Amino acid sequence: MFDAHAHLHDPRLRASQEAWLEQATLTGLTGICSCGTSPADWEATRTLAHHPFPFRLVSGFGVHPWYVRDLPTDWQEQLEAIIVQEPTAVIGEIGLDGLKDTTSWELQESILRRQLTLAVKHNRPVVLHGARAWGRLVEVLKSYANQLPGFMAHSFGGSLETLKEISRLGGYLSFSGTICNVNATKVRLAAQAVPTDRLLIETDSPDLFPLGGNTLPNDKSDKPVNHPGNLSLVCNTLATLRNLSPEIVTKITVTNAKRLFG
């Protein structure tokens, strides 16, 4: 299985790396795309990119829309330097966000466009965040999609119409543990509707702990720490939703991940 989106640099996962590695290995994990979210975590993400994990690690570097305010003046130069020095890295997690009403759309879109321009310049795939902003994000993407080598909408939660538009533009759609919640009707319908060759799965570790997921030993936090070992639950749930075997879902999503990430 390939976990298409996680944040392995997060202190919650770094503190329990041995435990989640054991669980992930037992479930057959073969790869993870681990993304940074701001200049503050790029170096930690970069360090992990060269760690000898027992699976393939694809690293991502970008400015998440939650962190577009108070960026250093040279953030774009820093990001481009890392991208040049890490030839297999993707650009992400980047995008637009409608969950937190703290940053103007204008600023979010400006930072997003600058990063999409870098992705085109350096021919890198892109990992996108669009919570409660998928429609607006697609409108921005239209100017870049055919110039990008690939892009994915992580933890997709938009409408079926937006799903079709992302697929038409050549994008992939990734589903997280949200689909394990039987009340998440909109997301579960979307997971059933995605074209097979556009489908990916993820954990978004350490967040979005799935209903019925496995906790980490000694995890006493108020919100359980999610981890890549829970990807099998996402895979099994998606298999049920699409009336397929978990083995087939694994084969489909690993093939798609290889096509996207190279």
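The values are calculated or read from the model by the stated rules, or taken from the named source; none is laboratory data. Remember, it's a predicted structure, so these values are computed and weren't measured experimentally. Neighbour counts are summed over all protein chains in view; Cβ atoms, including those assigned to glycine, are modelled from backbone coordinates with ideal geometry.
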So which pairs qualify, if the first residue must be in segment 166-180 and closer than 17 Å to residue 140 by Cα, the second must be among the hydroxyl-bearing types (Ser, Thr, Tyr) and not in a loop (DSSP other than H, G, I, E, B), the Cβ gap must be under 7 Å, and the two must be at least 6 apart or on different chains? none
The correct count of residues that are within 21 Å of residue 63 (Cβ to Cβ) and either out of contact with any helix residue (DSSP H, G or I) (no Cβ under 8 Å at 6 or more places or on another chain) or hydroxyl-bearing (Ser, Thr, Tyr) (or both) in segment 21-38 is 3
Can you tell me which condition residue 214 does not meet? The list is (1) over 15 Å from the mean Cα position of the chain (by Cα); (2) over 30 Å from residue 15 (Cα atoms), and all the others hold. (2)
Any idea how many residues of segment 245-262 are out of contact with any helix residue (DSSP H, G or I) (no Cβ under 9 Å at 6 or more places or on another chain) and either under 16 Å from residue 5 (Cβ atoms) or not basic (Lys, Arg) (or both)? 6
Which condition from (1) under 18 Å from the mean Cα position of the chain (by Cα); (2) assigned to a loop (DSSP other than H, G, I, E, B); (3) over 30 Å from residue 26 (Cα atoms) is the one that residue 112 breaks? (2)
Every listed condition ((1) without any contact (Cβ under 8 Å) to a residue 12 or more places away in the chain; (2) crowded, with 24+ Cβ neighbours inside 10 Å) holds for residue 137 save (1)
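Every residue, every condition in (1) touching a strand residue (DSSP E or B) at 6+ places or on another chain (Cβ under 9 Å); (2) of a type outside the set (Gly, Ala, Ser); (3) modelled with pLDDT of 95 or more, yes or no:
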site	(1), (2), (3)
141	yes, yes, yes
144	yes, yes, yes
148	yes, yes, yes
151	yes, yes, yes
170	yes, no, yes
176	yes, no, yes
181	no, yes, yes
185	no, yes, yes
191	yes, no, yes
Name the residue, out of 211, 244, that is more than 30 Å from residue 146 (Cα to Cα) and in contact with a Cys (Cβ under 9 Å, 6 or more places away or on another chain). 211
